[in-house]
Amino acid sequence: MPVRLRLRRQGRKKAPYYHIVASDARSPRDGKYIEKLGSYDPTRIPANITIDHEIALKWLKNGAEPTDTVNAILSYTGVLLKFHLFRKGKTEDEITAEYEKWSAEQASKINKSKEDVLNRKKALKGEMLKNETVRKEAIAAKIAAKKIVVLEGQAPQSEEAPAEATEE
């Protein structure tokens, strides 16, 4: 029985939420599973990932094959780093020390990414506000021009109507 580490979709329409599970490769995507390893919420920025490292390592050591997406998630959380060090024959203390070093670097990358996203959002919001202000000023100028024409006693002419009226 080949075991796959894969995503099991939950949540409502257009708001997915996934459970990372170990399941038989022949079972359907949202069908039976053997064990739950964690969860993945891609709707957050950055994505919210919780995973039990020990259970994931147990399944990897027993030969479970992760799907491409789960492989990326395991790499992002550091499980594959631990598995790689285990396969190289490192001791538990060496694995822990290497993981702690990697984890600190990863946390700084994530914080920088969060700040970049927030800065881009602020810049985009400022640009949208500027464009809206320019558009509103143009509309206000058109309205003011129409009011001046009406106050002078002239009928406003639309741009679509011809200048000379035809009589029947």
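Ranking request for peptides 125-133, 16-24, 46-54: highest mean number of other beta-carbon atoms within 10 Å first, then the rest in descending order.
Packing order, densest peptide first, comes out as 16-24, 46-54, 125-133.
Kindly write out, for the range 108-114 in residue order, the coupling ³J(HN,Hα) from the Karplus curve 6.51 cos²θ - 1.76 cosθ + 1.60 (θ = phi - 60°), rounded to whole Hz, with x marking Gly and Pro.
5, 5, 5, 4, 5, 5, 4
Normalized C-alpha radius of gyration of the range 3-89, against 2.2 N^0.38 Å?
For the range 3-89, the normalised Cα radius of gyration comes out at 1.07.
Among residues other than L7 whose Cβ falls under 13 Å from its Cβ, what is the net charge (Lys/Arg +1, Asp/Glu -1)?
Net of charged neighbours comes to +3.
Would you work out the relative contact order for the range 3-89, in percent, from Cα pairs under 8 angstrom that are 6 or more residues apart?
26
For a test of the definition: using alpha carbon positions, the gyration tensor, and the 1.5 limit on a/c, classify the chain as rounded, prolate or oblate.
prolate
Tell me, what HN-Hα J-couplings in whole Hz come from the Karplus equation 6.51 cos²θ - 1.76 cosθ + 1.60 at θ = phi - 60° for each residue of the range 138-144, using x for Gly and Pro?
Rounded to whole hertz, the list is 5, 5, 4, 5, 5, 5, 5.
Remind me, relative contact order of the chain in percent, using alpha carbon pairs under 8 angstrom and six or more residues apart?
In percent, rounded to a whole number, it is 14.
Let me know the charge dipole size of the range 3-89 about its Cα centre in debye, to the nearest 20, where only the beta-carbon of Lys, Arg (+1) and Asp, Glu (-1) is charged. Let's see the in-between values first.
Working: 17 positive and 8 negative charges, 45 e Å.
Magnitude of the dipole: close to 220 debye.
To the nearest 20 Debye, how big is the dipole of the chain about its Cα centre, given +1 on the beta carbon of each Lys and Arg and -1 on that of each Asp and Glu?
The dipole magnitude comes to about 880 debye.
What residue among H19, W59, F83 has its Cα farthest toward the positive end of the dipole of the range 3-89, where the charges are +1 on Lys, Arg and -1 on Asp, Glu, each on the Cβ?
H19
Laboratory data are not the source of any read-out in this text; all were calculated from the coordinates shown. None of these values were measured; they are calculated from a predicted model. Methodologically, a virtual Cβ is constructed for each residue, glycine included, from the backbone with ideal geometry; neighbour enumeration extends over all protein chains shown.
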